[in-house]
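The next block holds one structure in the form of structure tokens; read it before the comments.
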Amino acid sequence: MNDSRLSGIDPAKLQMLFSMSGQGASKSQNELMPFLMAVAARSRQNGMTFTPEETNLIIEVMKQGKSKEEILPLLLALSTKAKQEIARIEKIRMMMRLIK
């Protein structure tokens with residue numbers, strides 16, 4: 001991921017991504033999603049989060065030079081994760097309403 005568009009992202013975040021990509025390269029399609037979820041959870045626990053803009057940029061860079069067949073599993077995984085995050089946010093909102 002040597003792309004000048006990534007220059008605005010914190011170097012610690014990029015280092016984590018490079019490390020993750022090296023570890024994930026040998027994973028099968030079935031192993032990749034659990035691996036990515038574990039990495040995301042560890043990152044959050046360490047206080048490292050990505051803005052939506054950073055996430056979108058990273059996805060765009062990752063998609064470069066890939067076929068539709070290679071991109072589709074990534075997009076499906078991200079779609080599933082987005083749905084889970086929306087559901088989590090809605091639960092928090094409902095709980096906040098109950099507190100008021």
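To test your reading of the geometry: what angle, between 0 and 90 degrees and rounded to tens, separates the Cα axis of helix 29-45 from the longest principal axis of the chain?
The two axes meet at around 60 degrees.
With axes computed from alpha carbons, what is the tilt in degrees of helix 11-24 against the longest principal axis of the chain, rounded to the nearest 10 within 0 to 90?
70 degrees
For the chain, rounded, prolate or oblate, judged on the Cα gyration tensor with a ≥ b ≥ c (square roots of eigenvalues), a/c < 1.5 rounded, else prolate if a/b > b/c?
It comes out prolate by the Cα gyration axes.
For I86, I71, I9, what ranking results if the residue with the fewest other Cβ atoms within 10 Å of its Cβ goes first?
Ranking I86, I71, I9 by Cβ neighbours within 10 Å, fewest first, gives I86, I71, I9.
Full extension from E85 to T49: what is 0.36 nm times the residue separation minus their Cα-Cα distance, to one decimal in nm?
Taking 0.36 nm per residue and subtracting the Cα distance, the gain is 11.6 nm.
Under 11 Å from a point 7 Å along the Cα-to-Cβ line of D3: which residues of the range 56-82 have their amide N that close?
Backbone N within reach: 56-66.
Among P52, P73, M37, whose Cα lies farthest out toward the positive end of the dipole of the range 1-74, if unit charges sit on the beta carbon of Lys, Arg (+1) and Asp, Glu (-1)?
The Cα lying farthest towards the positive end belongs to M37.
Based on DSSP H runs of at least 4 residues, each adding -39500 (n - 2.57), what is the mean residue ellipticity at 222 nm of the chain after dividing by all its residues, to the nearest 500 deg cm²/dmol?
Result for the chain: -25500 deg cm²/dmol, rounded to the nearest 500.
Does anyone have the angle between helix 68-99 and the longest principal axis of the chain? Alpha-carbon axes, 0 to 90°, nearest 10?
Its long axis makes an angle of about 20 degrees.
Rule-based calculations on the coordinates, nothing more; no lab input. As the structure is a computational prediction, the values presented were derived from the model and not from experiment. Don't worry about glycine lacking a Cβ; one is built from the backbone with ideal geometry, like all the others, and counts go over all protein chains shown.
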